[in-house]
1. Mind counting the residues in segment 26-38 that are touching a strand residue (DSSP E or B) at 6+ places or on another chain (Cβ under 9 Å) and not in a loop (DSSP other than H, G, I, E, B)?
2. With the requirement that a residue be of a type in the set (D, E, K, R) and at pLDDT below 95, what does segment 64-98 give you?
3. For segment 39-69, name all the residues that are within 13 Å of E88 (Cα to Cα), in a loop (DSSP other than H, G, I, E, B) and among the hydroxyl-bearing types (S, T, Y).
Amino acid sequence: MFRTLPDLSGDNVRITLDGMQVEARSGEPLAAVLLRTPPFTARTSTVSGAPRAPYCLMGACFDCLTVVDGVPSRRACMVIVQDGMQVERQHSRRSGKP
């Protein structure tokens, strides 16, 4: 879906995304990493459990909520990747109500 441009400057860093090592560019937003790493989502909806992906990329919509270094509900578009960062896609629990 998305990929990094080959001429971008910056060092590569490694983060762990859902238990898998992923390369990222130092200084890029976590949302960019999510958009190019299958399944291209950040979380599931609290109402229906539907997958949600980064949308506005400026911190307004909350569709890119992730768990970063054990802290839930971090907006991936507002988090800059750092070497060794531990990231999980945030899976919401359904209450069983329609």
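The values are calculated or read from the model by the stated rules, or taken from the named source; none is laboratory data. This is a predicted model, so every value here is computed, not measured. FYI the Cβ positions are ideal-geometry reconstructions off the backbone, even for glycines, and counts take in every protein chain you see.
1. Here the count works out to 6.
2. Matches in segment 64-98: R93, R94, K97.
3. The one that is within 13 Å of E88 (Cα to Cα), in a loop (DSSP other than H, G, I, E, B) and among the hydroxyl-bearing types (S, T, Y): T41.
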